[in-house]
Amino acid sequence: GEISATATLRADQSGPAISRYIYGQFSEHLGAGVYDGIWVGPDSKIPNVRGVRSDVVGALKAIKTPVIRWPGGCFADEYHWRDGIGPRDKRPSRKNNWWGGSPETNAFGTHEFMDFAEQVGADPYVAVNVGSSNPTVMREWIEYMTSPGEDTLAQERRANGRDKPWKVPFIGIGNESWGCGGEMTPEYYANEYRRFSSFFHKNSDNPAVRVASGANSFDVNWTDVVTKAAAKRMDAISLHYYTIQTGDWNKKGAATGFDKAAWGKSFAQTLRMDDLLRQHIAVLDRNDPQKRIGLYVDEWGTWYDTEPGTNPGHLYQLNTLRDGVLAAVNFNIFHKHAERVRMANIAQTINVLQAVILTKGDQMVLTPTYYAHQMYMPFQDSTAIPLEITAPEIDVAGSKIPAFNASAAKGKDGKIYVAVANMALDDSVKLNVSLAGLKAKMVSGQVLTADKMDAMNDFGAKPAVVPVPFKGGKLSGDRLTLDIPSKSVVVVRLD
Ligand code: AHR
């Protein structure tokens, strides 16, 4: 069928800036995320620059990846940065206790990560160990990375091949400190945060945004306690929310071969992001009325049962059209809350959870989630424009969800962009948009869809889910109509 809806685009008004960092990545030492996914080593037959895969760098550059968070995740609170510097053949081998007990060779350490980020053109976001370390270790790592001076740590960095200090614009103080990062209460973490941040020395060498370890989904008390106790000492606080279609961590459901009910549940779960952000922002508005502190959704995405036959500790899952549409739904939500939500990092870049890239040997696949990022590139550093819209509610095999969500912005190029994610499986959406006086001559754009709801891009096959030119846009006077196919993402530009 067809669903009709009307909307008004207030192009004469402007909303908050939409930070490019909303399109950030998270890359943990987990499964094949770093080893194989990023790092193949300089002697590999797979084309690489200083050990970093060139195909992956090219793909991340092509979507203008603005920031990469590293080294974890849970891994961060067990990581010792000294394990990962100096000659690679002398580095210790450790056990990755969080993720399958797999060997951690430390071949990919600070220098390799920074090189990777520089090759991609992304800003580094480093998470330091709070849970099983101390402020001295944190301070020394920061000095090693950022000191321009003659001090011994800076000289050690030089001896290891890097003369100039790196720019590290974002540093996270702990990760999931309520869970794998030390099982702390919010009161305990708030004190730890104050202690660690005392030795952080924010200054011209180290101007990094200090990111406090934030809440697990709806735990607004965490945000409240931590910001009440330490707002002055932080510049951002994180928030983690994973989309578990079943809502049950013990039985998360499959990434492929799912039914309509699973599609509906996935979107019902992911749409909770809107209310989640609203609740945490309400707390921040009370404890930080000047709106200085950013809310960083530095882990988000779908989490399914791991792919049968793979190491369950490696969190390898496939990625279908559902994930692509779901990414777009989240982008539209982030845009709405962009005044506070100044960064988001999808979990995780390569071969882990809702990956944008999958690799197998020398092959690489760009997932539907990758293409959602690509289509939304014009929203990086844009300015939101109010889009007044009410989407009719639909019932997807038992889940009541809005048929679609949408957002609009004025891009850095001065053009107006409108994005729509249609969650309806069987219905197209005819959207009538009043442009409220805006004069546009042309509408063009792209659409991401496929015949099957679990269509995916597979190794060695022609990709089944890629953006193609969108032909469903029409302009007449100050009316725009968009004919949006079922289960799709559409991004259009008005000229
Ligand atoms: O992304 C996988 C894991 O999820 C991260 O290591 C942790 O922070 C979260 O629980």
Only residues that are in contact with a helix residue (DSSP H, G or I) (Cβ under 7 Å, 6 or more places away or on another chain) and open to solvent by 10 Å² or more (accessible area, probe 1.4 Å): list them for segment 5-32, please.
G31, A32
On the given criteria, is T65 outside any strand (DSSP E or B), among the hydroxyl-bearing types (S, T, Y), touching a residue at least 12 places away in the same chain (Cβ under 8 Å) and over 28 Å from Y21 (Cβ atoms)?
no
What residue, among those in segment 268-287 that are of a type in the set (D, E) and without any contact (Cβ under 8 Å) to a residue 60 or more places away in the chain, is farthest from the ligand (Cβ to nearest atom)?
D285
I'd like to verify a number: residues in segment 246-267 that are in contact (Cβ under 8 Å) with a residue 24 or more places away in the chain and either more than 16 Å from the ligand (Cβ to nearest atom) or assigned to a helix (DSSP H, G or I) (or both), how many?
14
Selection from segment 35-49 of residues that are in a loop (DSSP other than H, G, I, E, B) and surrounded by 13 or more Cβ atoms within 10 Å (Cβ to Cβ)
D36, G37, I38, V40, G41, S44, I46
Positions within segment 70-105 being without any contact (Cβ under 8 Å) to a residue 40 or more places away in the chain and either in a loop (DSSP other than H, G, I, E, B) or of a type in the set (V, I, T) (or both), in sequence order:
P87, R91, P92, S93, N97
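Let's see how each residue does on (1) touching a Phe, Trp or Tyr at 6+ places or on another chain (Cβ under 8 Å); (2) open to solvent by less than 10 Å² (accessible area, probe 1.4 Å):
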{"residue": "E339", "(1), (2)": "no, no"}
{"residue": "A344", "(1), (2)": "yes, yes"}
{"residue": "A347", "(1), (2)": "yes, yes"}
{"residue": "L353", "(1), (2)": "yes, yes"}
{"residue": "L358", "(1), (2)": "yes, yes"}
{"residue": "D362", "(1), (2)": "no, no"}
{"residue": "P368", "(1), (2)": "no, yes"}
{"residue": "Y371", "(1), (2)": "no, no"}
{"residue": "Y376", "(1), (2)": "yes, yes"}
Just checking, does segment 293-303 include any residue being open to solvent by 10 Å² or more (accessible area, probe 1.4 Å), closer than 20 Å to T243 by Cβ, among the hydroxyl-bearing types (S, T, Y) and in a loop (DSSP other than H, G, I, E, B)?
no
Exactly one of S213, S177, S198 is surrounded by fewer than 19 Cβ atoms within 10 Å (Cβ to Cβ) and small (G, A, S), and that one is S198
Against the condition over 27 Å from the mean Cα position of the chain (by Cα) and not assigned by TED's automatic domain parsing to the domain that holds D362, how does L425 come out, does it pass?
no
Taking segment 15-34, which residues are within 16 Å of the ligand (Cβ to nearest atom) and either outside any loop (DSSP other than H, G, I, E, B) or among the aromatic types (F, W, Y) (or both)?
G24, Q25, F26
Can you report the number of residues in segment 131-156 which are surrounded by 14 or more Cβ atoms within 10 Å (Cβ to Cβ) and within 30 Å of the chain's Cα centre (by Cα)?
14
Can you give me the ranges of the strands (runs of 3 or more DSSP E) entirely in segment 405-495 with at least 1 residues that are under 20 Å from N319 (Cβ atoms)?
416-422, 443-448, 488-494
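The values are calculated or read from the model by the stated rules, or taken from the named source; none is laboratory data. Quantities reported herein were computed from a predicted structural model and do not represent experimental measurements. Every residue, glycine among them, receives a Cβ derived from its backbone with ideal geometry; neighbour counts consider all protein chains shown. We work out accessible area using only protein heavy atoms, side chains counted, and drop any ligands, DNA or RNA first. Shrake-Rupley method; radii C 1.70, N 1.55, O 1.52, S 1.80 Å.
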